[in-house]
Every structure is written in C-alpha cells, then in structure tokens.
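The values are calculated or read from the model by the stated rules, or taken from the named source; none is laboratory data. Predicted model only: the values in this text are computed from it and were never measured. All Cβ positions, even for glycine, are placed from backbone atoms using ideal geometry, and neighbour counts span all protein chains on display. Heads up: the accessible areas ignore ligands, DNA and RNA and are worked out on the full protein's heavy atoms, side chains in. Shrake-Rupley method; radii C 1.70, N 1.55, O 1.52, S 1.80 Å.
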Amino acid sequence: MTWLLGYMNPWDSSLVAAALTIAFNPLFWNVVARWEQKTRQLSRAFGSPYLACYSLGGVILLLNVLRSHCFTQAMLRQPKMEGLDNPAAFCLGLVLLGVGTLFVLSSFFALGFTGTFLGDYFGILKEARVTTFPFNIVDNPMYWGSTANYLGWAVLHASPTGLLLTVMVALVYMVAVLYEEPFTAEIYRQKASRSHRRS
C-alpha cells in the first residue's frame, strides 16, 4: 500500500473530495434509514413510505453520481502507473467493469427500486429475502459489483490513485455490511415468525 502513495499527492483537493464522498455516502444513507425506521418521519413528511423511499433513493443516486465524478477527477489529476498502462491491463479493466455492471444491474432487477434503496427501513418488505442470481453467487452483490466497477475504472486509467480509492470503497462497504446485515436478517426473521404464527 505504501508504494501507491509514491504516485500521488495526498493533499490534492480532488483526492480529498473523492475520499470524503466515499466515506460519506453509506454513512448518510444508513443514518437516514435508521432514523426513518425508528421515527417514520420521512414517511409522514412525504405522506407515503413509498414516496419517501423513492425520494431517498433519488438522493442516494445523486450522491453516487457525485462520488463517481470525484473519483474520476482524482484519478485524472494524479500520475498514471506505467505498469498498468498496457493492453492487458486495459482488457482486465473492461472485464472488471463488465462483471461489476452485471452484479449491480442484476441486483437492482432482483430487488426492485425499494429493495435496492432501503425499502425495508420504510416497512416495505419483500415476501422473503432474495436468494436468486446474483445473491446465490455472492452476498451483497450490489456493493461488490460497485467495487468491481471502481476497480475496473482505476485499472482502465492505469491509476494508482484509483486503486487506493477502490480499497477505501471496499472497506467502507464492509463496514456498511456489518451495520446493515443484522438488521435485514432480523426484520425478515420477524416477518417469517409472524407469517408462521398466522398459518
């Protein structure tokens, strides 16, 4: 990891902005979602849990666009790594982008909009936890697909800065999973328990 730092200026404003958006986004959506789950303030403000969830989802999408923009700008303003600036690495980057996009899109289609954007915190639950592709391949495929996309983008740009920021993306997602996974498991356990009692 130390050798990567030799390729970058850690005080560059674009790098700082990228790091801040990477750290902020999951923190924001988890704090807001837990607050909603405990208070239902967003659902009351919007008059519907669905409208509240769609609105939060829209904000998350915009934040993710901002994060990707900052990530790209940070890469473009820092030096390239000669060892990654070759056709083989370029092809690897394309493969990573392809796999990442497949995981992200298939996750979205399996979960739907509300399932993707924290609908369970708004009381919008699916009949059961999704276990079809890509969830039968890897847990949290949306997060790992997104990480693969950033990694592929970094490799395509032969960017050590992009590689370091991708490590940060992965670490932040790992923390988010530790925070989110127990909650999701518990609400579906409670739902299954209620369904069992009714039957």
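Some notes on this structure:
- The Rg/Rh ratio of segment 11-198, with both radii computed over alpha carbons and Rh defined as the Kirkwood radius, is 1.03.
- Our helix-only sum for the chain, with -39,500 (n - 2.57) per DSSP H run of n ≥ 4 divided by its residues, gives a mean residue ellipticity at 222 nm of -26000 deg cm²/dmol.
- Surface per residue (accessible, 1.4 Å probe) for segment 11-198, Å²: 53 Å²
- Placing unit charges on the Cβ atoms of the charged side chains and taking the dipole of the chain about its Cα centre, the candidate lying farthest along the positive direction among Leu164, Gly152, Gly123 is Gly123.
- Centre separation in Å (Cα based) which lies between segment 62-110 and segment 123-170: 11 Å
- Approximating the spin labels as points 7 Å out from Cα along Cα→Cβ, the Tyr188-to-Cys91 distance works out to 3.8 nm.
- One decimal place: the segment Ser13-Thr131 gains 38.3 nm when fully extended, by the rule 0.36 nm per residue minus the C-alpha distance.
- By average C-beta atoms within 10 angstrom, highest first, the peptides 68-74, 140-146, 127-133: 140-146, 68-74, 127-133
- Placing dummy labels 7 Å off each Cα toward the beta-carbon, the span from Tyr50 to Arg34 is 2.9 nm.
- The chain: angle of helix 87-116 to the longest principal axis, Cα-based, in degrees nearest 10: 20 degrees
- Electrostatic dipole magnitude of segment 11-198 [Cβ: Lys, Arg +1; Asp, Glu -1; Cα centre; debye, to 20]: 860 debye
- Positive dipole terminus of the chain, leading residue within Gly112, His69, Asn136 (C-beta point charges): Gly112
- When a 1.4 Å probe is rolled over the protein heavy atoms, the share of accessible surface on segment 92-149 that falls to carbon and sulfur comes to 69 percent.
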